[in-house]
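Enquirer: Below is one structure. I have some questions about it.
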Amino acid sequence: MKTNPVVEFEHVYVFLQGRCVLEDITFTVNEGDFIGVIGPNGAGKTTLLRLILGLLQPARGQVKLFGANPAALKRLNRKVGYLPQKSGFDRRFPLSVKDVVLLGFFGETGLFKSPGQPEKKWSEEVMQRLGLAGHQDRPIGEVSGGQQQLAFLASALVSKPKLLILDEPTNGLDPAAQNRFYNLVREMQEFLSLTVITVSHDLATISANADNIICINRTMHIHGSPAEVFKHLSESHIYRCEFDLLSGPLNGWRG
């Protein structure tokens, strides 16, 4: 069966402040994939996302997004939905859940044009599918952390992207909220025919949700199924210790 590449890395190197952050990274993400990117803090995971988004250029090698240089791809916002790392914000922030979701249209409409009725109707459907319909008029600072993340997820999805990128999306959420978040991502992936890339340092959470995993710590150690990654890390004493610290002993993982 023919596969359509969405993201392609070919022997990519990145140097920041004279230090090699990514070294000889090569992989392909195909249409419809759900890919997890794991590695300890400082491994280069966020740098990898910046390359995909066209915010950074490699020193060597090539990055392609939908077959083109990400930095040169026009209307990138229409093809890529991005949920950055969760950051603290003033809980008095004067926007409702619905307002936050509608921000996802501004890449198309501009900051000085309000979304029209079709956009508002579509945003209501997305909120309904993510379980936010009963909270849409509440201030974003008054809903739970899990609901806040779902609102930001909805904002990333309302433009109907082809690729959804999630950067540590469940940090700070309890296990139940993490599971609910990823279950809903899976549902939206099927509904919108999405390709998904999610970054985490949590091996257990990613292993339970991703079809394939890219394991990096400056270099790429493996790209394979959760079972293949687990086996590789179990056999690699040098790399394994980092994940023992982050996620508990690997022999406790059940997949």
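Enquirer: Collect the residues in the range 1-44 that are of a type in the set (A, V, I, L, M, F, W, C) and open to solvent by 20 Å² or more (accessible area, probe 1.4 Å), keeping them in residue-number order.
Expert: Those that are of a type in the set (A, V, I, L, M, F, W, C) and open to solvent by 20 Å² or more (accessible area, probe 1.4 Å): 1, 15, 16, 20.
Enquirer: May I ask you to list pairs of residues, at least six apart or on different chains, whose Cβ atoms are under 8 Å apart, with the first in the range 147-163 being within 11 Å of residue 97 (Cβ to Cβ) and the second being hydroxyl-bearing (Ser, Thr, Tyr)?
Expert: 154/123
Enquirer: If I ask for residues that are modelled with pLDDT under 90 and out of contact with any helix residue (DSSP H, G or I) (no Cβ under 6 Å at 6 or more places or on another chain), which ones from the range 93-104 would you list?
Expert: 94
Enquirer: Quick test for you: out of 202, 167, 244, pick the one residue that is touching a helix residue (DSSP H, G or I) at 6+ places or on another chain (Cβ under 8 Å), buried (at least 16 other Cβ atoms within 10 Å of the Cβ) and modelled with pLDDT under 90.
Expert: Details: 167 fails: modelled with pLDDT under 90; 244 fails: buried (at least 16 other Cβ atoms within 10 Å of the Cβ).
None of the other options fit; the residue is 202.
Enquirer: Here is a list: 186, 180. Which entry is modelled with pLDDT of 90 or more, more than 13 Å from the chain's Cα centre (by Cα) and farther than 17 Å from residue 79 by Cβ?
Expert: Testing whether each residue is modelled with pLDDT of 90 or more, more than 13 Å from the chain's Cα centre (by Cα) and farther than 17 Å from residue 79 by Cβ leaves just 180.
Enquirer: Please find, among 119, 187, the residue that is among the charged types (D, E, K, R) and closer than 20 Å to residue 210 by Cβ. Don't jump to the end; show me each part of the working.
Expert: Numbers: 119 fails: closer than 20 Å to residue 210 by Cβ.
Criteria check complete, one pass: 187.
Enquirer: Can you find even one residue in the range 110-117 that is closer than 20 Å to residue 188 by Cβ, modelled with pLDDT under 90, over 24 Å from the mean Cα position of the chain (by Cα) and buried (at least 16 other Cβ atoms within 10 Å of the Cβ)?
Expert: yes
The values are calculated or read from the model by the stated rules, or taken from the named source; none is laboratory data. Worth saying up front: this structure is predicted, and the values here are computed from it rather than measured. So basically every Cβ, Gly included, is an ideal-geometry build from the backbone, and we count neighbours across all protein chains shown. Just so you know, the surface numbers come from the protein's heavy atoms only, side chains and all, with ligands and any DNA or RNA stripped out. Shrake-Rupley method; radii C 1.70, N 1.55, O 1.52, S 1.80 Å.
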